[in-house]
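Below: the structure, in structure tokens.
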Amino acid sequence: MARPRLPSSTAFRFAMFFSMAFTLVIVVMGASVYWAIRNELRYELDQRVVAAREALLREAEDDSIGLRRAIDYRVAHERGNLRYALLDANGRLVAGLPIDRPPVLGWSESEFRMPDNPTDGARVFAARTADGGLLIVGSDPEAIEELDERMVPLFVAAFGLIAAIGATGAFLFGRLLQRRLDAINRTAEAIIGGDLARRVPLSGKGDEFDRLAATLNQMLERIAGLLGNLRQVSGDIAHDLRTPLTRLRQKLELAEAGPDEPEALKGAVHQAIEQTDDMLALFAAILGISEIEAGGAGVRMTRVDLSALVTDLADSYQPSAEDGGRTLTRDIAGGVVIEGNRELLAQAGVNLLDNALRHTPTGTAIGISLTEQGDDIILAVSDHGPGIPADDRARMFTRFTRLESSRSTPGHGLGLSLVSAIAHAHGGTATLDDNHPGAIAMVTIPRSPR
């Protein structure tokens, strides 16, 4: 699979989008601050113009001569940024600085001619005097011009730097994301190519990608385990079915080659049906385990009186145990109620009792117990038979596993596998232990599903 170019990757576009959004927010904020400062400066200059005009009118006391003297005095002695002009009713300059053209009444922009002849733009306020003249007071916007000269290039440079940093950050962030995601993609491609042992590498930083990689690796381990189990089950089914199918064929061939006697043919057909039923039971057990492990619709949890259920199992197996020369004892705690599936729990108890009766010699003592341990319930079936070697106990819960000593007894090695599947469906576990002598099989399940 071709590796996508960085600019077309989702990670890069995602990072670039947020970088541009951040830059835009900074630009808007900077422009807002700039215009706020500029407007504040203009407001202060306007207030100085208003204050200067009012001061002139107070000094003049409505006397045009006094107003002319006040203006001439300020023009001669003030060195600030205020500008003054007084025009008569015909628009001729009476006092102050020359002005290019009479401004309109109120606020406007105009230009004064300074003593050294250069013109100087100003924001002016013009109003009529009592004799029809025009009083003009203005301010030199030098502070605003300096703000523009200094702040605008600074803002442009700052915004350019922010944009450059954002673009660089987006590029690096995109590269980082793409490198981490590429590791996952390469692992997936290797697995698709047949390398089922491949796993997503961890960086060791413990970040979100490491947690995702660990989860994916756990999933891959689980899938690998299921595939291995599937291969084993397929091989075991082929192995376990070969013998009964061969025997079935041999019996049918003998019946075909033998004399045409109804009794002989009937006996051969009966044996063939028995072996066919045995194979159907094998497939039913396999399907039952698969459905339980997959959490099928049949695994429906309700309130189950486990004490009554185990008591019924003990009562039903008591005659079989006594007929086989064995004793069945019980130790069942009363009032044990859990959330579970009654049919599956009963099937687990039946399988454990069947194994104990089938794989122990005559005269063996067998016990069934139901006890409480904290929030867990333990269903156990014990015996004093030959027991199970410690090295073989864990694998006894895998499908088609049988000890050499049990090869001569009926069965396919699926009983404990079904018990384990039922225990896991209830959020519990199934284990084997030593009973000194003999074996004890225990199913530990919580009162409520976890």
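The rows are residues; the columns are (1) modelled with pLDDT of 80 or more; (2) open to solvent by 80 Å² or more (accessible area, probe 1.4 Å); (3) part of a helix (DSSP H, G or I).
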{"site": "Arg211", "(1), (2), (3)": "yes, yes, yes"}
{"site": "Leu226", "(1), (2), (3)": "no, yes, yes"}
{"site": "Gln232", "(1), (2), (3)": "no, no, yes"}
{"site": "Leu252", "(1), (2), (3)": "no, yes, yes"}
In the range 172-209, what residues are basic (Lys, Arg), assigned to a helix (DSSP H, G or I) and open to solvent by 70 Å² or more (accessible area, probe 1.4 Å)?
Arg175, Arg179, Arg186
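Let's see how each residue does on (1) touching a strand residue (DSSP E or B) at 6+ places or on another chain (Cβ under 7 Å); (2) over 16 Å from Leu56 (Cβ atoms):
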{"position": "Asn90", "(1), (2)": "no, yes"}
{"position": "Leu97", "(1), (2)": "yes, no"}
{"position": "Asp100", "(1), (2)": "yes, yes"}
{"position": "Trp107", "(1), (2)": "yes, yes"}
{"position": "Ser110", "(1), (2)": "yes, yes"}
{"position": "Asp116", "(1), (2)": "no, yes"}
{"position": "Asp120", "(1), (2)": "yes, yes"}
{"position": "Arg123", "(1), (2)": "yes, yes"}
{"position": "Ala126", "(1), (2)": "yes, no"}
Spot the failing condition for Gln347; the list is (1) over 23 Å from His436 (Cα atoms); (2) of a type outside the set (Lys, Arg); (3) open to solvent by 10 Å² or more (accessible area, probe 1.4 Å); (4) touching a strand residue (DSSP E or B) at 6+ places or on another chain (Cβ under 6 Å), and only one is missed.
(4)
Return the pair list, or none, for Cβ contacts closer than 8 Å from residues in the range 331-351 that are under 17 Å from Gln373 (Cα atoms) to residues that are open to solvent by 20 Å² or more (accessible area, probe 1.4 Å) and of a type in the set (Val, Ile, Thr), at least 6 apart or on different chains.
Asp331/Thr371; Ile332/Thr311; Ala333/Thr371; Glu339/Thr302
Quick one: how many residues across the range 114-125 are touching a Leu at 6+ places or on another chain (Cβ under 8 Å) and assigned to a strand (DSSP E or B)?
1
Count - residues of the range 431-445 that are open to solvent by less than 20 Å² (accessible area, probe 1.4 Å) and more than 32 Å from the chain's Cα centre (by Cα)
4
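Here is a yes/no grid of residues against (1) at pLDDT 80 or above; (2) open to solvent by less than 50 Å² (accessible area, probe 1.4 Å); (3) touching a helix residue (DSSP H, G or I) at 6+ places or on another chain (Cβ under 9 Å); (4) over 19 Å from Val419 (Cβ atoms):
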site	(1), (2), (3), (4)
Glu274	no, no, no, yes
Met279	no, yes, yes, yes
Leu282	no, yes, yes, no
Leu287	no, no, no, no
Ile292	no, yes, yes, no
Ala297	no, no, yes, yes
Leu309	yes, yes, yes, no
Asp315	yes, no, no, yes
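The values are calculated or read from the model by the stated rules, or taken from the named source; none is laboratory data. No experiment lies behind these values; they were computed from the predicted model shown. For neighbour counting, all protein chains shown are included, and Cβ atoms are generated from backbone atoms with ideal geometry for every residue, glycine included. Ligands, DNA and RNA are stripped out before the accessible areas are found, and what is left, the full protein with its side chains, is counted by its heavy atoms. Shrake-Rupley method; radii C 1.70, N 1.55, O 1.52, S 1.80 Å.
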